[in-house]
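Here's the structure we're looking at; comments come further down.
The values are calculated or read from the model by the stated rules, or taken from the named source; none is laboratory data. Bear in mind that the values here come from a model prediction, so they are computed numbers and not experimental data. Glycine gets a Cβ as well: all are built from the backbone with ideal geometry, and neighbour counts include every protein chain shown.
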Amino acid sequence: MMRSHSKLVLASVAILGAALIVSAAQEQTVARRVEQTSFSSDLPLDYDVPIPQEVVKLLLHTKQVKQAAQDKAATQAQRDNPSKFFRASAIQLASADETDLVVVGVHPMSAADNGWFWIVRSFPHDPKILLFVGTKSLEVMEQRTNGYRDIRAASSGVGETTTVTYHFDGHTYRIWKKQSTPADQ
């Protein structure tokens with residue numbers, strides 16, 4: 001009798017453990033679904049988040065933003081509230097306890113034929129720009145290098161599409177691979 005009771009307890013513990021693992025996996029899947037990983041300069045963000053002032057200040061000190069902020073196309077609302085130059089979506093580049101941003105420029109924070117994207121680590125505490133790229137689309141990939149998710153950017157020019165993959169080098173993102181293909185492929 002004691003042996004069958006022990007087997008019943010072990011079976012119950014095993015079932016409970018399996019149920020907890022399945023539940024945790026489902027929660028992670030749900031959490032991943034609300035994280036936008038593909039971005040286009042032509043489309044709105046799926047999940048806009050407010051941009052902390054520390055991040056806006058950091059962006060305003062970049063060469064590209066300084067030049068574009070003086071553009072006559074900048075609206076008075078943008079000049080009065082520089083956070084209106086940008087949109088952002090939260091992403092987790094390295095760990096679940098850190099929130100990072102994909103920041104997308106709002107006209108005039110873009111080029112004529114592509115958007116401007118910034119990857120900003122760890123806001124609001126000690127934010128750092130890890131990547132700036134002018135491109136048509138950007139994807140935060142599942143693959144990782146040095147603990148951070150890889151980034152892929154794609155843009156089209158006259159007769160060709162260029163795809164650039166960035167890997168994290170421990171401090172910033174650097175070009176790992178660049179590939180151009182004829183646009184008709």
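With the structure loaded, tell me whether Glu139 is among the acidic types (Asp, Glu) and touching a residue at least 40 places away in the same chain (Cβ under 8 Å) or whether it fails that test. Yes.
Does Asp150 satisfy the condition of being crowded, with 18+ Cβ neighbours inside 10 Å and either in a strand (DSSP E or B) or modelled with pLDDT under 90 (or both)?
It is true that Asp150 is crowded, with 18+ Cβ neighbours inside 10 Å and either in a strand (DSSP E or B) or modelled with pLDDT under 90 (or both).
Would you be able to tell me the number of residues in region 102-132 that are more than 17 Å from Leu43 (Cα to Cα) and at pLDDT 90 or above?
At the first step, the residues of region 102-132 found to be more than 17 Å from Leu43 (Cα to Cα) are 119-132.
Applying the additional criterion that residues be at pLDDT 90 or above yields 119-121, 127-132.
Residues flagged as more than 17 Å from Leu43 (Cα to Cα) and at pLDDT 90 or above within region 102-132 amount to 9.
When restricted to residues that are over 16 Å from the mean Cα position of the chain (by Cα), surrounded by fewer than 11 Cβ atoms within 10 Å (Cβ to Cβ) and more than 12 Å from Pro108 (Cα to Cα), region 32-75 contains 3.
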